[in-house]
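Asker: Okay, here's the structure, questions in a sec.
The values are calculated or read from the model by the stated rules, or taken from the named source; none is laboratory data. None of these values were measured; they are calculated from a predicted model. Reconstructed Cβ throughout: ideal geometry from the backbone, glycine too, with neighbour counts over all protein chains shown.
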Amino acid sequence: MFFVRKNSRRTSTYIFVFYKKIKGRINPSEQNDVNQQLILQLSNKKIPNWSQVKQLPKFLNRAEKFNLSTALIVLVLAIGIFGWRLYIKSSIAIPDFGGSYTEGLIGAPHLVNPILASSDVDRDLVKLIFSGLMKFNEQGNLVPDLASSYTIDAEQTTYTFELRDNLRWHDDEPITVDDIIFTIDSIKNPDYNSPLKNSFSGVTIQRINDKTIQFNLEKPFSPFLSILTTGIVPEHLWYSVPAFSASLTDLNTKPIGSGPYSFSSLIRDTSGNIKNYTLEAYEGYHLPPAFISELHFKFYPDFFTGVSALENKNIDGLIYLPKEFKDQIDTNKVSLHNLQFPQFTAVFFNPKNNELLSDKKFRQALAVSINKERVLTEVLNGDGQIIHTPILPGLLGYDSELKAPEYSPEQAAVTLDELGWKMPEEGSFRTKASEEEDEDPIELSIKLTTIDQSENVKIVNIIKEAWEEIGIKIDLEIVSKEKIKKNVIEPRDYQVLVFGEVVNINSGPYPFWHSSQNQHPGLNLSLLANKDIDKHLEDVRAANIDENKLEPLKNFQEKLLELNFAIFLYNPTYIYPTTDKLQGLDDLQFINLPADRFNNVNSWFVKTRRTFSQ
């Protein structure tokens, strides 16, 4: 028996079947009639209402309930995935504030002070904590920083700057032109022994008013704007610190600046060495604020431990990745940013310590006997480019047509023969008869010096092999990193030196090749003294527009190639490794110094949020 009840407020018919009463009492034909009636009752239904849906489990067995639940879960997941994909497709990810980034540096901070900084670690931190009148952007172009604007007079000797409004130090004190004057005067003060002293030689400063300052140069100097990227220090904190003891104050490790990041904290080990250093984003920064809330720095004694820390995820990035570690980095987890870097490695000659090097033909023989392709391949695994002059690819004045003579050990041997250096019947090295008849022949020998770094050691061994193959005895001198500057570079105590130099793209080649730079603190490592080269470099330095520099730069390079005062080997690629966590480095392509990788640090980010595209 069954009953049918129709609700006048609903269009659907509810059917209740009492199984206990009809079980076993309905024959097949009657059951068919019931089924047909049920179908007829349901045929007029449209979408079931919630009351009907709630009754559904009563008519399902366990297997049917499981199947229905599974189907519902799949449906919900499908709708969720579709919705998420639709959201992702119709929205874009943009940088968001927050998060932290940890980088490994080699060494430790000592003088986080723009007046005194001399190491890469100190310069890195100075770059983040301090601001100058000018700064480099991510494209390597000079733009105003603390300055809102500037003018240069027609003679290119007077530079006038207006400061931005509401400039504040990290301790919330106002920044004034007096801070700038104090900073430049301190740099020029010999008691500070600032490495920037020569950069401001012949420069005087005049305070026009609270927001205007003027620099006067003795003569035009086109790179002067780049020098004004030097960080400014707060007079109100430094004026009471004696210049002779400036390197001893805590302000050198706990500095106050005006850059995008301010000092937060440091941790020392039991020996007093700084092991961890934390900076936090400065909310009062005068330019767009940094996205990343905290920057953490960890310090390592060498690249071996630094690279291991990167592999073990103890840090998110490393100041630099030496070529010998490149193959062990998992590039699925670490991005290798290949940056253009104005550095070159060359062979420098010092004729004062070996008179053989005074002969242009002898220097030519040394040059053509070195296979630069082999050096690039075996030392850098090809991560760089062969060069022929100190004007590197991408720099003003670079000319791909200017090339040194090609590799030819046969020609080198002929030249040495012509100079009187003959291969003996017995022995491996060339000799020349002594001017004194009773003395033994003079053996041809050179001392080859370099720094104790794997890259340089590989180079000198390749050169040693090449020069000994043409009959020159080579004495290698490998000098430790701690001693190379004081014991070798500054006193120019070498005959032939393999060394790398970083070129300041704004100062040009003058500091490296003008005869006035032969002695320390000059950077002319070949002790080159040539009046024609001096004239070309002076013309470059005096030119007020780039177009006027091109001809003297070309003349300089041609003369340098003619004289063979150095053998230019290669311009390496600067590899900056970071985990994929760090974003915002896409526009970073060229750096002048390692610290310049932070040129666009306020655009870096580790967090994102999504917004709908318009």
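Asker: Any chance you could count how many residues in segment 194-206 are touching a residue at least 24 places away in the same chain (Cβ under 8 Å) and either surrounded by fewer than 16 Cβ atoms within 10 Å (Cβ to Cβ) or over 19 Å from GLN156 (Cβ atoms) (or both)? Please lay out each step first, then the result.
Answerer: As a first pass, look at segment 194-206 and keep what is touching a residue at least 24 places away in the same chain (Cβ under 8 Å): 194-196, 198-200, 205.
Next, only the ones that are either surrounded by fewer than 16 Cβ atoms within 10 Å (Cβ to Cβ) or over 19 Å from GLN156 (Cβ atoms) (or both) stay: 194-196, 198.
Looking only at that region, the number is 4.
Asker: Now for a different question. State whether one or more residues within segment 139-156 are in contact with a helix residue (DSSP H, G or I) (Cβ under 6 Å, 6 or more places away or on another chain), in the same structural domain as SER262 (by TED's automatic domain parsing) and either of a type outside the set (Phe, Trp, Tyr) or surrounded by 21 or more Cβ atoms within 10 Å (Cβ to Cβ) (or both).
Answerer: Residues of segment 139-156 that are in contact with a helix residue (DSSP H, G or I) (Cβ under 6 Å, 6 or more places away or on another chain), as a first pass: 142.
Then keep just the ones that are in the same structural domain as SER262 (by TED's automatic domain parsing); that gives 142.
So of that shortlist, the ones also either of a type outside the set (Phe, Trp, Tyr) or surrounded by 21 or more Cβ atoms within 10 Å (Cβ to Cβ) (or both) come out as 142.
The answer is yes; a qualifying residue exists.
Asker: From SER507, SER516, which residue is part of a helix (DSSP H, G or I) and of a type in the set (Gly, Ala, Ser)?
Answerer: Details: SER507 fails: part of a helix (DSSP H, G or I).
Matching residue, one of SER507, SER516: SER516.
Asker: Sticking with this structure for a sec: Could we say that ASP440 is part of a loop (DSSP other than H, G, I, E, B), under 38 Å from the mean Cα position of the chain (by Cα) and over 16 Å from VAL375 (Cβ atoms) here?
Answerer: Details: part of a loop (DSSP other than H, G, I, E, B): yes; under 38 Å from the mean Cα position of the chain (by Cα): no; over 16 Å from VAL375 (Cβ atoms): yes.
The answer is no for ASP440.
Asker: To continue, here is another question. If I go through segment 541-567 residue by residue, how many of them are crowded, with 22+ Cβ neighbours inside 10 Å and either of a type in the set (Phe, Trp, Tyr) or in contact with a Lys or Arg (Cβ under 6 Å, 6 or more places away or on another chain) (or both)?
Answerer: 3
Asker: Further question: Considering each residue of segment 103-122, count those that are under 20 Å from the mean Cα position of the chain (by Cα) and surrounded by fewer than 21 Cβ atoms within 10 Å (Cβ to Cβ), and give that number.
Answerer: 6
Asker: Any chance you could count how many residues in segment 408-455 are surrounded by 16 or more Cβ atoms within 10 Å (Cβ to Cβ) and under 30 Å from LEU321 (Cα atoms)?
Answerer: So the answer is 6.
Asker: Could you identify the single residue in SER526, SER516 that is modelled with pLDDT under 95, assigned by TED's automatic domain parsing to the domain that holds GLU455 and over 31 Å from the mean Cα position of the chain (by Cα)? Quick ask: steps written out before the conclusion?
Answerer: On the way: SER526 fails: over 31 Å from the mean Cα position of the chain (by Cα).
SER516 is the lone residue from the list that is modelled with pLDDT under 95, assigned by TED's automatic domain parsing to the domain that holds GLU455 and over 31 Å from the mean Cα position of the chain (by Cα).
Asker: Residues ILE79, ILE73: which one is at pLDDT 75 or above, under 49 Å from the mean Cα position of the chain (by Cα) and within 30 Å of THR611 (Cα to Cα)?
Answerer: On the way: ILE73 fails: under 49 Å from the mean Cα position of the chain (by Cα).
Only one candidate passes the filter, namely ILE79.
Asker: Exactly one condition in (1) over 19 Å from LEU395 (Cα atoms); (2) crowded, with 20+ Cβ neighbours inside 10 Å is false for LYS486; which is it?
Answerer: So LYS486 meets the others, but not (2).
To keep it simple, each residue is scored yes or no on (1) more than 20 Å from SER131 (Cα to Cα); (2) free of Cβ contacts under 8 Å to residues at least 12 places away in the same chain; (3) surrounded by fewer than 18 Cβ atoms within 10 Å (Cβ to Cβ).
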residue: GLU173; (1), (2), (3): no, no, yes
residue: VAL177; (1), (2), (3): no, no, no
residue: ASP185; (1), (2), (3): no, no, yes
residue: ILE208; (1), (2), (3): yes, no, yes
residue: THR230; (1), (2), (3): no, no, no
residue: LEU237; (1), (2), (3): no, no, yes
residue: SER240; (1), (2), (3): yes, yes, yes
residue: LEU248; (1), (2), (3): yes, yes, yes
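Asker: Sticking with this one: Mind counting the residues in segment 586-602 that are in contact with a helix residue (DSSP H, G or I) (Cβ under 9 Å, 6 or more places away or on another chain) and either at pLDDT below 90 or at positive phi (or both)?
Answerer: Going through segment 586-602, the residues in contact with a helix residue (DSSP H, G or I) (Cβ under 9 Å, 6 or more places away or on another chain) turn out to be 587-588, 590-599, 601.
Add one more test, that the residue is either at pLDDT below 90 or at positive phi (or both), and what stays is 587-588, 590-593.
Counting residues in segment 586-602 that are in contact with a helix residue (DSSP H, G or I) (Cβ under 9 Å, 6 or more places away or on another chain) and either at pLDDT below 90 or at positive phi (or both) gives 6.
Asker: What number of residues in segment 298-312 are outside any helix (DSSP H, G or I) and in contact (Cβ under 8 Å) with a residue 12 or more places away in the chain? Full working, then the answer.
Answerer: Of segment 298-312, the ones outside any helix (DSSP H, G or I) are 298-302, 312.
Subsequent filtering for residues that are in contact (Cβ under 8 Å) with a residue 12 or more places away in the chain retains 298-302.
Summing the residues that are outside any helix (DSSP H, G or I) and in contact (Cβ under 8 Å) with a residue 12 or more places away in the chain in segment 298-312 gives 5.
Asker: I've got another one for you. Any idea which residue in segment 486-501 is modelled with the highest pLDDT, counting only those that are part of a helix (DSSP H, G or I) and over 19 Å from GLU455 (Cα atoms)?
Answerer: Keep residues of segment 486-501 that are part of a helix (DSSP H, G or I), which gives 486-489.
So of that shortlist, the ones also over 19 Å from GLU455 (Cα atoms) come out as 486-487.
Details: LYS486: 92, ASN487: 95.
Within segment 486-501, the match that is modelled with the highest pLDDT is ASN487.
Asker: Find all pairs meeting these conditions: Cβ atoms under 6 angstrom apart; at least six residues apart or on different chains; first residue within segment 418-438 and among the β-branched types (Val, Ile, Thr); second residue surrounded by 10 or more Cβ atoms within 10 Å (Cβ to Cβ).
Answerer: Partner pairs satisfying both residue conditions: THR431/PRO424; THR431/PRO441; THR431/GLU443.
Asker: A further question follows. Assigned to a strand (DSSP E or B), in the same structural domain as ASP165 (by TED's automatic domain parsing) and not charged (D, E, K, R): is that true of LEU287 in this structure? Break it down into steps so the answer makes sense when it comes.
Answerer: Numbers: assigned to a strand (DSSP E or B): no; in the same structural domain as ASP165 (by TED's automatic domain parsing): yes; not charged (D, E, K, R): yes.
No, not satisfied.
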